[in-house]
Every structure is written in structure tokens, then in C-alpha cells.
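Have a look at the structure below before the remarks.
The values are calculated or read from the model by the stated rules, or taken from the named source; none is laboratory data. Because the structure is predicted, anything quoted here is derived from the model rather than measured. Positions of Cβ are backbone-derived with ideal geometry, glycine not excepted, and every protein chain shown enters the neighbour counts. The area values use the complete protein model at the heavy-atom level, side chains included, leaving out ligands, DNA and RNA. Shrake-Rupley method; radii C 1.70, N 1.55, O 1.52, S 1.80 Å.
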Amino acid sequence: MTVRALDAVARALGASLSMQVEWHGERLDRLMDAAHAELQESVAALLTAAGWVVHVEVSFNRYGDRGRIDLLAIHPTLRIAVVVEIKSGIGDVQDTLGRLDVKVRVARPVARELGLGELVAVVPVLVIGDSRAARTVVATHGSLFGRFDVRGRAARAWIRQPGGVIPGGLLWFASPGSGG
């Protein structure tokens, strides 16, 4: 039976189809986590080399918004923060963008709580593991990802030398170990 047929049956019953891929038990989760950690390490190294003060896996709980910011980096002279969301792959596009919005919204109070002072601006950054599938998701959902004003090499160049605030944010595809 095809996935399309299974989905049709589920919808006819007023249900939704949910599938889970398993690969050698917990190994798939570990594999995904390893890819995420490698990307996170590469981007943290890029930010640090560019003079940003980087905080990793910053947890928050503010008025019902809970979670962790993958990377919260502050430019010490400009007082600009970047909230970096790392995705080794894109699953749920709306969830990815919604979670990034929450993290950007809480970044100022979280920075104050960490003793990092007041921020001039907060810039969202989405770093996605480079794959044909991820590029297809971004291309297919152009209107959802359209808000990211600066992409690719230009995004990495802005990190190295920030020139003003980018309200829509930065987006780039990265390979682990590639320097972000």
C-alpha cells in the first residue's frame, strides 16, 4: 500500500497519518543529534572567530514560552544579538519558523538575565544542514522563507562584519566542519 493510499484512508476516518522512521533503534536519534552538534560547533566557531560572544544551548522559560536557543551570540561593541537556530534537516517548516520567532522574542530578557546587558537589536539566523532535500523544502516554501533578507555567503560575510540590523534575518546552508 502506498503512503498516499494510507493517508487517504486516515483522512476518510477523520484522522491524520503519522509515520516514524526507525533505524537500528536509538541510532537514528543519535545520528541526527550528531549532525546537529557538528553544525552547531561549526557555526559557534565561525561566530567566535568573528568576535561574537557565544552562548550555547541557552534555556528559557518566559510566560509560557519554554525551550533552548541553540546559539545566542552577542557582538560586544555593537550590542547586536543573533539567535541561531540550527537544523540538520527541515521537517515541519511552520514549527521551525515559529520556534525561531519565540527565541528571537525572548532573547532580550534572556540576555539581561544572563548579565549580558541591553541589546540594540536581535537578528534571527537559520542555519540548515546542506542537502538537496533541505534546499528543495526552502525553494518549495519560498513565501515562508522569504523573510530571510540575507542568505548564503552574504549571511556569513555579515556575521564576520555586521553592518546594521537585518530585520528579516540570515539563512544559509552549511555542512558540518565547513566553518559554518
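Some values worked out for this structure:
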read-out	value
Search result, residues across the range 161-170 that are on the phi < 0 side of the Ramachandran plot and at pLDDT 95 or above	Leu170
Ala35 being touching a strand residue (DSSP E or B) at 6+ places or on another chain (Cβ under 7 Å), open to solvent by 20 Å² or more (accessible area, probe 1.4 Å), assigned to a helix (DSSP H, G or I) and small (Gly, Ala, Ser)	yes
Unmet requirement for Val120, which otherwise passes all of (1) over 16 Å from Ile74 (Cβ atoms); (2) among the aliphatic types (A, V, I, L, M); (3) surrounded by fewer than 16 Cβ atoms within 10 Å (Cβ to Cβ)	(1)
Filtered residues of the range 103-116 (kept if surrounded by fewer than 18 Cβ atoms within 10 Å (Cβ to Cβ) and at negative phi)	Arg105, Arg108, Pro109, Arg112, Glu113, Leu114
Number of the exception - Phe173 against (1) in contact with an Asp or Glu (Cβ under 8 Å, 6 or more places away or on another chain); (2) open to solvent by less than 10 Å² (accessible area, probe 1.4 Å); (3) among the hydrophobic types (A, V, I, L, M, F, W, C)	(2)
Count - residues of the range 150-162 that are in a loop (DSSP other than H, G, I, E, B) and surrounded by 12 or more Cβ atoms within 10 Å (Cβ to Cβ)	1
Leading residue by the ranking (least open to solvent (accessible area, probe 1.4 Å)) among those in the range 123-149 that are under 17 Å from Val82 (Cβ atoms) and free of Cβ contacts under 8 Å to residues at least 40 places away in the same chain	Phe148
Evaluation of Ile69 against (1) in contact with a strand residue (DSSP E or B) (Cβ under 6 Å, 6 or more places away or on another chain); (2) open to solvent by 60 Å² or more (accessible area, probe 1.4 Å); (3) β-branched (Val, Ile, Thr) (one fails), failing number	(2)
Residue match in the range 48-66 (condition: surrounded by 17 or more Cβ atoms within 10 Å (Cβ to Cβ), of a type in the set (Gly, Ala, Ser) and modelled with pLDDT of 90 or more)	yes
Residue pairs meeting the criteria (Cβ under 8 Å; at least 6 apart or on separate chains; first closer than 21 Å to Glu57 by Cβ, in the range 74-97; second open to solvent by less than 60 Å² (accessible area, probe 1.4 Å) and charged (D, E, K, R))	Val83/Lys103; Val84/Asp70; Glu85/Asp70; Glu85/Lys103; Ile86/Asp70; Thr96/Glu85; Thr96/Lys87
